[in-house]
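Only one structure is covered here, and it is reproduced in the block below.
All of the numbers you see were taken from the coordinates with simple rules; none came from a lab. As the structure is a prediction and not an experimental result, all values here were calculated from the model. No Cβ is skipped: glycine too gets one built from the backbone with ideal geometry, and neighbour counts run over all protein chains shown.
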There are 2 protein chains.
Amino acid sequence: MTASPGKVVRGETLRKLVLDTALERFSTDGYFNTSIHDIRRQAGVSIGSIYHHFGNKEALAKALYDDLLQRMDAGLQQVMEESQDCRTRCDGIIAFLFETTAQAPQTMRFVLESRHREFLPDEPPVCSSQPFQRMRECIEQGMAAGELRPMEVPVAATVAFGGAIRLLHLYLDGVLDRPLSDFLPDMQEAAWRAIAMDPPRNTTRENA
Amino acid sequence: MTASPGKVVRGETLRKLVLDTALERFSTDGYFNTSIHDIRRQAGVSIGSIYHHFGNKEALAKALYDDLLQRMDAGLQQVMEESQDCRTRCDGIIAFLFETTAQAPQTMRFVLESRHREFLPDEPPVCSSQPFQRMRECIEQGMAAGELRPMEVPVAATVAFGGAIRLLHLYLDGVLDRPLSDFLPDMQEAAWRAIAMDPPRNTTRENA
DNA sequence: GTCTATACCCTGATAGAC
DNA sequence: GTCTATCAGGGTATAGAC
């Protein structure tokens, strides 16, 4: 996301370039450690252009935030539509989280690790954003369908994906020394065990 | 943690007062939204005193961070010593996390929600701090003892406590409308199901 | 050890030419 | 739409009296 010297960038292209640069800086240094001048320098555009397109620094962060959340939600929505089966959906969601983190760590860092309330005071907490609501929806439907064991819904939702999300944190913090994909099957299994309805206990044979 | 007017505060008492005030401001507004003047004003002390005791703003945050981590670790260590049984330990850790969050939400907010790397650049990530290592230790021992099913250790560790930690986030963000304690038993059960060794399958009866 | 007053820098934001 | 030059304000940190 560094400026290519000589190439003139304008309009929507410039806007995108600024967003990309902002993501890189915000996700690595943090919002407050990044000045508009830093972004200006790295993107190779002028301060005036940034303010023309976004108005102020907070609005730039908000535009970025909305953009990333919407993309994440689109991915989750697709997973939800591909199957009605709760197990398949949960596996798909965890796989999606792992893949997105591996391919776009900066996106995940910004969505998952930033404390948005500190620089977007009017924004509701991330947990209540679209992507997280969609995960909860998956759990609610699974429980209603009897695929999940009856329990407190917030517990089911957090236990289904909380382990995966914590593993993403380890990965993003550089604590994990192996690729995320190594852990995918185990994580899917473990998450499912926590919430799945008991397998029928074969009482028939014992009664016979 | 507001200054009691008229009361003269000095020495170690002043130091503690500043730490308490800093915790309150950092955990609610964030490190970067809190100026030394904010802390000075709320604590009712002078800027000079703060710089005398801590040197600079970052060192103040570091002192606070170390203090809180150490207290948390002491609590976890106690849980670990009270029993050698992995199930009891896991339940105890989750209970400890819930109780601490309910009683000292600001502490948990600062330890769990802050992005320390943004203002303590030389600090290792939280995930590798003492308290988190202790949780991992619990899991490693449980697996070695055969109480937990064989699986990738990072998966077991994150799935054992990741659900609980995510629920803490919901609570701290005000998304949960009921007290944490309502969810404790369900969370302990669910976490354990994810990692526990399969109950012996009663093959004896079938073989007989 | 604690205080007040102040220096100094960086940051977000604006003005106005092109 | 994009640019450069500039401003005003607030932030950390220091100096030096008490």
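Report the one residue of A:CYS90, A:MET187, A:GLN133 whose Cα lies farthest in the direction of the positive end of the charge dipole of chain A (charges on C-beta: Lys and Arg +1, Asp and Glu -1; origin at the Cα centre).
A:GLN133
Averaged across B:183-191, how many Cβ atoms of other chains sit within 10 Å of each residue's Cβ atom? The partial results should precede the final answer.
On the way: counts 6, 2, 3, 9, 9, 1, 5, 13, 6.
Rounded to a whole number, the mean comes out at 6.
For the stretch A:82-97, take each phi angle, set θ = phi - 60°, evaluate the Karplus expression 6.51 cos²θ - 1.76 cosθ + 1.60, and give the result in whole Hz per residue in order, putting x for glycine and proline.
Here the 3J(HN,Hα) series is 5, 7, 9, 6, 5, 4, 4, 5, 4, 4, x, 5, 4, 4, 4, 4 Hz.
What is the ratio of the Cα radius of gyration of the stretch A:1-120 to 2.2 N^0.38 Å, where N is its residue count, to two decimals? Mind dumping the intermediate values first?
Values: Rg = 16.5 Å, N = 120, 2.2 N^0.38 = 13.6 Å.
Normalised by 2.2 N^0.38 Å, the Cα Rg of the stretch A:1-120 equals 1.21.
In whole percent, what relative contact order does chain B give with Cα contacts below 8 Å and a gap of six or more residues?
On the way: 170 pairs, mean separation 41.7, N = 208.
About 20 percent, as a whole number.
With θ taken as phi - 60° and the coefficients 6.51, -1.76 and 1.60, list the Karplus ³J(HN,Hα) couplings across the stretch A:48-56 in order, rounded to whole Hz; mark glycine and proline as x.
x, 4, 4, 5, 5, 7, 10, x, 7
Along the Cα→Cβ direction, 7 angstrom out, place labels at B:LEU112 and B:ARG10. What is the inter-label distance in nm?
4.1
Taking θ = phi - 60°, what integer Hz values does the Karplus form 6.51 cos²θ - 1.76 cosθ + 1.60 yield along the stretch B:8-19, in sequence order, with x for Gly and Pro?
After applying 6.51 cos²θ - 1.76 cosθ + 1.60, I find 8, 10, 9, x, 4, 4, 4, 4, 4, 4, 5, 4 Hz.
Put +1 on the Cβ of each Lys and Arg and -1 on the Cβ of each Asp and Glu in the stretch A:8-55; which of A:SER35, A:LEU23, A:VAL45 then has its Cα farthest toward the positive end of the dipole?
Going by the charge dipole, the pick is A:VAL45.
Once the mean 1/r over all distinct Cα pairs of the stretch B:1-55 is inverted, what Kirkwood radius in angstroms do you read off? Don't skip to the end; give the middle numbers.
Values: mean 1/r = 0.0901 Å⁻¹.
Evaluated over the stretch B:1-55, this radius sits at 11.1 Å.
Does the protein assembly as shown come out rounded, prolate or oblate, given a ≥ b ≥ c as the square roots of the eigenvalues of its C-alpha gyration tensor, rounded meaning a/c under 1.5 and, failing that, prolate meaning a/b above b/c? Don't jump to the answer; show the numbers that get you there.
Values: a/c = 2.25, a/b = 1.31, b/c = 1.72.
Judged from the Cα gyration tensor, the protein assembly as shown comes out oblate (a/c at least 1.5, b/c at or above a/b).
According to a simple spin-label model (label point 7 Å from Cα along Cα-to-Cβ), what is the distance in nm between A:ASP177 and B:GLU99?
About 3.6 nm separates the two model spin labels.
Determine the dipole magnitude for the protein assembly as shown: charges of +1 sit on the beta-carbon of Lys and Arg, -1 on that of Asp and Glu, nothing else is charged, the reference point is the Cα centre, and the result goes in debye to the nearest 20. Please report the intermediate quantities before stating the final value.
On the way: 46 positive and 58 negative charges, 225 e Å.
Dipole magnitude for the protein assembly as shown comes out near 1080 debye.
Report, for B:HIS37, each distance to the same residue's label point in the other copies, shortest first and in nm; define the point 7 Å along Cα→Cβ.
2.1
Residue separation times 0.36 nm, minus the C-alpha to C-alpha distance between B:ALA74 and B:ASN56: what's the value?
On the way: separation 18, 0.36 × 18 = 6.48 nm, distance 2.74 nm.
Using 0.36 nm per residue and subtracting the Cα-Cα distance, I get 3.7 nm.
Treating the point 7 Å from Cα along Cα-beta-carbon as the label, what are the nm separations from B:ARG87 to the other copies, to one decimal?
Inter-copy label distances (nm, one decimal, shortest first): 2.5.
Treating the point 7 Å from Cα along Cα-beta-carbon as the label, what are the nm separations from A:PRO105 to the other copies, to one decimal?
Spacings between copies for this position, smallest first, are 3.4 nm.
Considering only the other residues whose Cβ falls under 14 Å of the Cβ of A:ALA145, what net charge follows from Lys and Arg at +1 and Asp and Glu at -1?
Details: positive: A:ARG87, A:ARG89, A:ARG149; negative: A:ASP85, A:GLU137, A:GLU140, A:GLU147.
Here the charged neighbours net out to -1.
If you look at just the Cα atoms of the stretch B:82-208, how large are its Rg and its Dmax in Å?
16.9, 66
Among the listed pairs B:LYS16/B:LYS57; A:LYS62/B:LYS62; A:LYS57/B:LYS62, which have their C-alpha atoms separated by more than 20 angstrom in this model?
On the way: B:LYS16/B:LYS57 15 Å; A:LYS62/B:LYS62 30 Å; A:LYS57/B:LYS62 28 Å.
Listed pairs above 20 Å: A:LYS62/B:LYS62; A:LYS57/B:LYS62.
Just counting partner chain Cβ atoms within 10 Å, what average do the residues of peptide A:27-36 show around their Cβ? Write down the numbers at each step before the final one.
Numbers: counts 0, 2, 3, 7, 4, 7, 5, 0, 0, 0.
Mean inter-chain Cβ contacts per residue within 10 Å come to 3.
For B:LEU148, enumerate residues with amide H under 5 Å from its amide H, sequence gap 5+ or separate chain, H modeled in the peptide plane.
When sequence neighbours closer than 5 places are left aside, the close amide H contacts are B:MET143, B:MET197.
What's the FRET efficiency of B:ARG41 with A:ASN33 using the Cβ-Cβ distance as r and R₀ = 30 Å, to the nearest 0.05? Could the numbers behind the result be given before it?
Details: r = 25 Å, r/R0 = 0.83.
Rounded to the nearest 0.05, the efficiency is 0.75.
Can you put B:ARG136, A:ARG71 in order, fewest other beta carbons within 10 Å first?
Ordered by Cβ neighbours within 10 Å, fewest first: A:ARG71, B:ARG136.
Per-residue ellipticity at 222 nm for chain A, helices alone: DSSP H runs ≥ 4 residues times -39500 (n - 2.57), over residue total, nearest 500 deg cm²/dmol?
Numbers: 11 runs with 139 residues, N = 208.
Only helices count here, giving -21000 deg cm²/dmol.
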